[in-house]
Amino acid sequence: MQRHRRRLALMARFIARSASRLARRNTSKAPANERSRLDRRLSGLKACAGAALCIAIGFAAPQAHASSLDAANDPAARMVVEAKELVHNQTTNTVTARGHVQIYYQGRLLEADQVVYDRNAQRVYAEGHAKLTEKDGTVAHADRFELTDDFKNGFIDSLQVDTADNTHFSSPRAERVGDTSVFDNGTYTACDACKDDPNRPRFWQVHAKRIIHDQTEKMIYYEDASFEFLGVPIAYVPFWSSPDPSVKRKSGVLSPQLSYQSQLGGGFGLPLFWAIAPDYDLTITPTVFTRQGPFVTGEFRQRFENGGYVIRAEGAHVSDPTAFAPPPFGAGGRRWRGAVQSVGEFALNDQWKLGWDVTALSDRYFFQDYKQSNNILQNYYFRESSSTVYLTGQGPRSYLDLRGYYFQGLSPNDVQAQQPIAHPLLDYNRTFDVDPEKTFGLGGQVEVDANLTSTSAQIANYESIQPRTLDSVNALYNVCQTYAPAADRNKSGCLLRGIGGNYEHGTVSASWERKFIDPVGSVWTPFAFTRFSGSFVGLDTQDRFPIFNNSSQPIPNSAQGLFIGASNGVARGQATPGVGFEWRYPWLARSGLGDIVFEPIVQIIARPNQSSIPSLVNMDAQSLVFDDSVLFQWSKFSGYDRFETGTRLNYGGQTTLTLANGGFINAMAGQSRQVVGENAYADADAANVGLASGLNTRTSDWVGRFAFAPTSLLSFVAKGRFDETNLHARRIDLVSSLKLDPLVLNLQYANYASQSAIGFDQRRQGLAANGRYDVNKNYFLTGSVIFDMSRHLFNSLTTNPTATTLTGINLTGTAPLFSVAALGAGVGYHNECAIFTVNYSSIYQPQAGTGLPARNQTVTVSLQFRTLGETKFNYGLGSVLLNDGVRATP
């Protein structure tokens with residue numbers, strides 16, 4: 001546009017000089033009858049050049065006496081006109097521009113076949129392919145414009161407006177007054193016209209007797225409005241308003257929320273949004289249910305330059321408590337229920353952040369019964385609410401994380417008093433290079449790592465194993481939890497997952513390593529480290545009843561000492577130095593398929609032969625998975641409470657084929673062996689961690705990996721652990737992804753052998769799949785399924801109604817090989833202005849009325865119109881009690 005202005009200004013100066021020369025040469029020589037017409041044309045050219053440096057005459061009357069220098073220096077004060085023909089009629093005092101007319105004034109561009117400026121009325125008339133482009137990119141097409149000379153006010157015939165936000169207005173007659181446009185018998189839509197048939201009705205549009213677009217208030221008002229879908233009216237409102245498409249936040253009423261659940265009845269919620277200020281707002285959503293009392297949600301958000309926070313509060317009055325299961329399966333009997341949640345994070349500077357994510361609930365079943373959104377995973381087996389407050393620092397090569405945790409169980413099987421509270425949890429890590437010149441040529445890299453953990457719980461957390469059994473109290477608490485003589489409780493039948501009392505543990509370690517490459521290409525990495533750890537255990541030895549749970553028998557805190565092998569108030573510390581090296585020898589070969597790299601790897605680590613349980617209690621290292629990812633780690637335990645000891649040899653190799661197109665094939669295999677000293681993984685702690693891990697024998701199981709990704713469209717990864725003697729599969733993980741337009745498919749399969757020593761009596765096996773298929777550019781299908789392929793293993797168990805057994809008071813029914821654990825399916829349509837989806841889901845969830853395991857089914861319908869909003873309808877199809885061989889019966 002600037003280049004366009006400069007070109008027009010130069011043209012104007014040229015015409016002004018030409019007009020002067022023409023006047024000097026020809027005026028005196030022209031015949032008397034032509035002198036009048038020539039004088040009119042020259043005077044027009046002179047007036048144009050002197051008034052605004054343009055190819056027109058006085059289009060902007062207020063600048064008629066401005067100097068050419070002032071007009072050129074003030075872009076807002078000048079008008080630039082380009083046309084094939086220009087005529088000034090002194091009799092009517094009008095100026096007419098014809099032929100591809102373009103007028104640029106105050107950031108607006110008016111284009112038409114003909115433009116007439118009436119200087120007396122100060123009105124501009126544009127006809128024939130008329131088009132007005134605003135400063136923000138909005139384009140208005142019309143048969144005829146009648147505007148004031150500043151283009152701000154006027155009338156337009158047959159108007160079509162296309163905004164910069166890709167929204168569209170149309171009207172046979174419109175009026176423009178300042179920043180307000182009034183469309184008589186107008187339409188509004190965010191849908192583009194069909195390219196093949198522009199006369200075809202838009203996908204959706206709002207048709208109204210009058211549409212008022214207030215650009216100052218940033219609002220659109222509709223009078224006598226109807227909503228049309230594919231040209232057919234489907235809804236009518238006498239008055240309606242919506243924010244301007246350019247507005248991101250605007251106070252008002254949001255789209256309603258519809259729902260239905262058997263325990264709540266039909267629900268209708270109407271969100272009210274209040275944009276209090278540019279940096280904070282409030283949303284209040286009152287909801288009414290046909291079966292229960294009112295439900296209100298409030299959400300306050302505020303943003304700062306360095307962060308922001310959200311506070312969300314929910315509350316409900318229960319009219320019919322019998323709709324919910326009685327304790328301990330549900331919150332039946334409560335009249336008032338609710339939750340408060342808050343999330344926030346602030347950047348204190350470039351390196352430090354302070355934040356929180358906290359949740360407080362009236363009861364563990366509130367989210368399950370009342371949650372209208374899906375930000376909480378509704379899974380029957382693994383559900384909890386975690387709250388944390390944290391301070392983190394991130395440097396170029398350092399990291400610090402300080403935080404506290406509070407957990408609230410959301411499952412009927414959870415005993416809240418067993419949930420630990422972390423106060424605090426501190427992690428620190430820093431890596432820096434060593435200058436060889438200052439360390440007698442040592443060089444290399446030093447890493448410092450530290451952890452401090454402080455936790456507490458009210459009562460001990462036991463778990464029964466070999467076999468896993470439950471007691472007769474609603475099939476919730478296993479027999480290890482209930483009070484019994486200490487002689488009946490031992491490591492072979494019970495595990496101690498968490499202590500009752502206080503536990504503090506600290507670890508500081510420092511390590512050094514340096515890589516050397518010898519003349520033949522081998523990579524040698526010597527390393528050394530030292531680790532200091534200390535812990536204190538303050539056991540609560542008083543047998544206590546489980547708080548917030550209806551158990552008539554206390555949980556035996558007094559038995560904890562049998563599991564950890566120590567009495568109350570014990571402190572322990574240990575220092576563990578170690579040295580070792582790692583050797584790699586990569587070989588490179590080239591082939592017609594691509595480059596092949598083969599790399600054997602050998603690693604040996606020497607440490608003292610000391611206890612691998614330096615902290616008495618294992619709280620943070622209970623998840624041990626031996627696979628290719630941990631084979632060459634100095635300690636394969638997942639936390640700080642356990643650490644490898646003795647001398648261990650790790651060896652293996654990997655091969656990678658890199659294809660010419662960027663694809664690759666990778667294979668890896670390896671094994672570990674305890675060379676000297678006690679095998680840390682055969683030394684069971686109170687949770688039996690290490691047993692049945694594949695590392696608990698002197699020579700470990702084999703682990704391997706195969707990854708195949710020939711193109712970006714296909715990937716496949718297989719991981720496995722195989723018995724050291726017969727190579728029987730102990731653990732298999734398969735993950736595959738296919739992106740072949742229009743199909744996207746993801747598959748995951750897992751098969752884990754039984755590990756009765758840590759509580760898994762049967763083989764675990766499952767298959768998960770999810771995908772999307774684009775039928776065409778608008779329609780798509782989605783689906784997901786999770787198969788629990790272990791349930792059929794329980795079919796052969798014999799049961800009787802009074803016996804305590806693996807997963808409940810009684811086992812009924814049978815399960816097929818492919819037992820559906822979760823199922824989802826959906827269909828959708830999307831284009832540039834709307835998204836419509838229908839989704840079905842079926843998941844395991846306790847039945848609201850009984851608390852028993854059931855399959856909960858829901859249909860969600862979502863309809864989103866761009867710029868107008870989104871509405872959802874959740875319909876609960878009800879829950880079906882499971883009859884697959886592993887459910888508890890009353």
Practice item. Quick one: what are the phi-derived ³J(HN,Hα) couplings along segment 776-782, Karplus 6.51/-1.76/1.60 with θ = phi - 60°, whole Hz, x for glycine and proline? Key: 8, 5, 10, 9, 8, 10, 10
**Study point:** Separation between Cα centres of segment 242-279 and segment 198-230, rounded to whole Å
**Key:** 20 Å
Check your understanding: Check Arg544: other-chain or 5+ apart residues with amide H under 5 Å from its amide H, H built from backbone geometry?
Key -> Ile555, Asn557
Study note, to complete from the structure: Here the net charge surrounding Leu781, from other residues whose Cβ is less than 9 Å away from its Cβ (Lys, Arg +1; Asp, Glu -1), is 0
Review point. Karplus couplings for segment 862-877 from phi (6.51 cos²θ - 1.76 cosθ + 1.60, θ = phi - 60°), rounded to Hz, Gly and Pro as x?
Key: 10, 9, 10, 10, 4, 6, 9, x, 10, 10, 10, 9, 9, 10, x, 6
Exercise for review: Show the residues, 5+ positions off or on another chain, whose built amide H is closer than 5 Å to the amide H of Leu714.
Suggested key: Lys739
Practice item. Add +1 for every Lys or Arg and -1 for every Asp or Glu among the other residues with Cβ under 13 Å from the Cβ of Asp723, and state the total. Key: +1
Study note, to complete from the structure: So for segment 228-368, using the alpha carbon gyration tensor with a ≥ b ≥ c as root eigenvalues (a/c under 1.5 gives rounded; past that, a/b versus b/c decides prolate or oblate), I'd call it oblate
Study note, to complete from the structure: For segment 127-284, dividing by residue count, accessible area per residue (probe 1.4 Å) in Å² works out to 50 Å²
Point to revise | Percent of Cα pairs exceeding the 22 Å cut-off, where the set is segment 110-206 | key: 28 percent
Review point. By the gyration tensor of its Cα atoms, with a ≥ b ≥ c the square roots of the eigenvalues, what is the shape of segment 578-715: rounded for a/c under 1.5, prolate for a/b over b/c, or oblate?
Key: prolate
Study note, to complete from the structure: Of the accessible area of segment 79-180, computed with a 1.4 Å probe and all protein chains kept, carbon and sulfur make up a percent value of 44 percent
Review point. What are the residues whose amide H is under 5 Å from the amide H of Asp363, where those residues sit 5 or more places off or on another chain and H is modelled from the backbone?
Key: Gly338
Point to revise | Relative packing of peptides 430-439, 87-96 - highest average C-beta neighbours within 10 Å first | key: 87-96, 430-439
Review point. Karplus couplings for segment 121-127 from phi (6.51 cos²θ - 1.76 cosθ + 1.60, θ = phi - 60°), rounded to Hz, Gly and Pro as x?
Key: 8, 6, 10, 10, 10, 10, 9
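The values are calculated or read from the model by the stated rules, or taken from the named source; none is laboratory data. No experiment lies behind these values; they were computed from the predicted model shown. Note: ideal-geometry Cβ built from the backbone for every residue, glycine included; neighbour counts use all protein chains shown. Areas reflect the complete protein model, heavy atoms only, side chains present, ligands, DNA and RNA absent. Shrake-Rupley method; radii C 1.70, N 1.55, O 1.52, S 1.80 Å.
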